[in-house]
């Protein structure tokens, strides 16, 4: 792969970071699997921002929905952890925004980011 710096520039948000959804688009444009994006952007001192599932960033989220919570819980492990890819599968039924609102405002923890940003959440107090 050639130097992707010019391609990165068109995906940067106002904070000089690449939003989660744009990181998936970037992977597609570069012809790499999404799981390689975090390491690639890190090598270029660019951070991924605004996780669609509420793990990091400053996206605005709505209220938790009980029907989505139940669906996520059914796919989570006994410690209430759900893999990012499984949460995105649930989002196929509802929407990323609604699933993100539910994970952000509940005890469900998203693990194993599809972009490689995190394996497990680092707890720093409340999720809200």
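The values are calculated or read from the model by the stated rules, or taken from the named source; none is laboratory data. From a predicted model like this one, the values you see are computed outputs, not experimental measurements. Neighbour counts run over all protein chains shown; Cβ positions are idealised from the backbone, glycine included.
In segment 1-100, counting only helices (runs of 4 or more DSSP H) that sit wholly within it, the ones holding 2 or more residues that are within 19 Å of residue 115 (Cα to Cα) span 5-9, 20-30, 37-43, 84-93. The single condition from (1) surrounded by 12 or more Cβ atoms within 10 Å (Cβ to Cβ); (2) more than 24 Å from residue 102 (Cα to Cα); (3) touching a helix residue (DSSP H, G or I) at 6+ places or on another chain (Cβ under 9 Å) that residue 53 fails is (2). Condition check: out of contact with any strand residue (DSSP E or B) (no Cβ under 9 Å at 6 or more places or on another chain) and modelled with pLDDT under 95. Does residue 128 satisfy that? Criteria met by residue 128.
Kindly establish whether residue 120 is touching a strand residue (DSSP E or B) at 6+ places or on another chain (Cβ under 8 Å) and either crowded, with 19+ Cβ neighbours inside 10 Å or part of a helix (DSSP H, G or I) (or both). Give the steps one after another, and end with the answer.
Values: touching a strand residue (DSSP E or B) at 6+ places or on another chain (Cβ under 8 Å): yes; either crowded, with 19+ Cβ neighbours inside 10 Å or part of a helix (DSSP H, G or I) (or both): no.
For residue 120, the condition - touching a strand residue (DSSP E or B) at 6+ places or on another chain (Cβ under 8 Å) and either crowded, with 19+ Cβ neighbours inside 10 Å or part of a helix (DSSP H, G or I) (or both) - is not met.
Every condition in (1) at positive phi; (2) surrounded by 16 or more Cβ atoms within 10 Å (Cβ to Cβ) is met by residue 103 except one, and the failing one is (1). The number of residues in segment 1-24 being touching a strand residue (DSSP E or B) at 6+ places or on another chain (Cβ under 9 Å) and free of Cβ contacts under 8 Å to residues at least 24 places away in the same chain comes to 2.
In summary, residue 60 fulfils each of the numbered conditions (1) modelled with pLDDT of 95 or more; (2) exposed (fewer than 13 other Cβ atoms within 10 Å of the Cβ) with the single exception of condition (1).
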